[in-house]
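The values are calculated or read from the model by the stated rules, or taken from the named source; none is laboratory data. It should be emphasised that the depicted structure is a prediction, and the values quoted were computed from it without experimental measurement. Cβ atoms come from the backbone with ideal geometry, glycine included; neighbour counts cover every protein chain shown.
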Amino acid sequence: MNHRVLLVEDEEGLRMFLGDSLRNEGYKVELASDGEEGLEKALALPIDLVILDLMLPRRSGFEVCEALRSARRDVPILMLTALSQTENAVKGLKIGADDYVTKPFEMDELMARVGALLRRASGQNSSEPAVHEFGSVRIDFKGTEVTRNGRRVDLSAREFQLLRYLMEHAGETISRDRLLKEVWGYEAKIYTRTVDMRIASLRQQIEDDPKQPKFILTVQGLGYKFRAEPD
């Protein structure tokens, strides 16, 4: 099955280039040049993934994301943002986007993010509960809300994505390189320290004793593993 991707981008040259690149990868592509047109197509057509620029005429990327997420919780949304707008991209993730890339970006990185989001979407079982609990932690994946002992835990967007990925592969040892590729979209091994830092931050917020974690475990020399039921 050829996935249908909607690209919402007001810069004509980039829109045409990305559209051709996606088609060359085997995707069916729909194009929109502003937020209003993008939202209309996203709601009217059988779209599998939306690539959404943040700064758009008529409706901003934020407005499109919120409206689309209210109407269709299932479609993955990948945001495009300038490097100087990274904080805005994090805001986008918190209102429902699934991932973002900053301009300028490498085409391989964009395609890796698109592929990862589509694999995640196609692998999800709609019968699975949206809310998961372990220990004193409760996670609402659709509502992007985490609580511990009844109190809200303010994870960053990337921490939330990392926790979700680990939980989706519970019991499986996942290498730092794989986490970089699937959660960050990076290939370079020099960034593996980034994974360690985010894991440490997650443990501080969801583990009763971060120095002796029960749920996010280190597998020496191999990576990390999520275990919902501690020994």
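Being among the hydroxyl-bearing types (Ser, Thr, Tyr), assigned to a loop (DSSP other than H, G, I, E, B) and modelled with pLDDT of 75 or more, is that true of even one residue in the stretch 69-85? There is no residue in the stretch 69-85 that is among the hydroxyl-bearing types (Ser, Thr, Tyr), assigned to a loop (DSSP other than H, G, I, E, B) and modelled with pLDDT of 75 or more. Number of residues in the stretch 216-231 that are under 14 Å from residue 139 (Cβ atoms) and out of contact with any Leu (no Cβ under 9 Å at 6 or more places or on another chain): the value is 1.
Taking the stretch 129-153 as the search range and keeping residues that are touching a residue at least 24 places away in the same chain (Cβ under 8 Å) and among the charged types (D, E, K, R), which one is surrounded by the fewest Cβ atoms within 10 Å (Cβ to Cβ)? I'd like the intermediate steps shown before the answer.
Filtering the stretch 129-153 for residues touching a residue at least 24 places away in the same chain (Cβ under 8 Å) gives 132, 134-137, 139, 142, 144, 146, 148, 153.
Next, only the ones that are among the charged types (D, E, K, R) stay: 142, 148.
Numbers: 142: 12, 148: 16.
By that ranking, first place goes to 142.
Might you check whether a residue that is surrounded by fewer than 18 Cβ atoms within 10 Å (Cβ to Cβ), of a type in the set (S, T, N, Q), modelled with pLDDT of 80 or more and in a strand (DSSP E or B) occurs anywhere in the stretch 95-109? So far as the stretch 95-109 goes, yes, one or more of its residues are surrounded by fewer than 18 Cβ atoms within 10 Å (Cβ to Cβ), of a type in the set (S, T, N, Q), modelled with pLDDT of 80 or more and in a strand (DSSP E or B). The set of residues from the stretch 110-136 being of a type in the set (Ser, Thr, Tyr) and at pLDDT 85 or above comprises just one member, 136.
When residue 229 is tested against (1) within 14 Å of residue 135 (Cα to Cα); (2) at pLDDT below 85; (3) part of a helix (DSSP H, G or I), exactly one condition is not met: (3).
Filtered by the rule that a residue be of a type in the set (S, T, N, Q) and modelled with pLDDT under 80, the stretch 137-160 gives 144, 156. If the condition is being within 16 Å of residue 100 (Cβ to Cβ) and assigned to a loop (DSSP other than H, G, I, E, B), then the stretch 52-68 contributes 54, 55, 56, 60.
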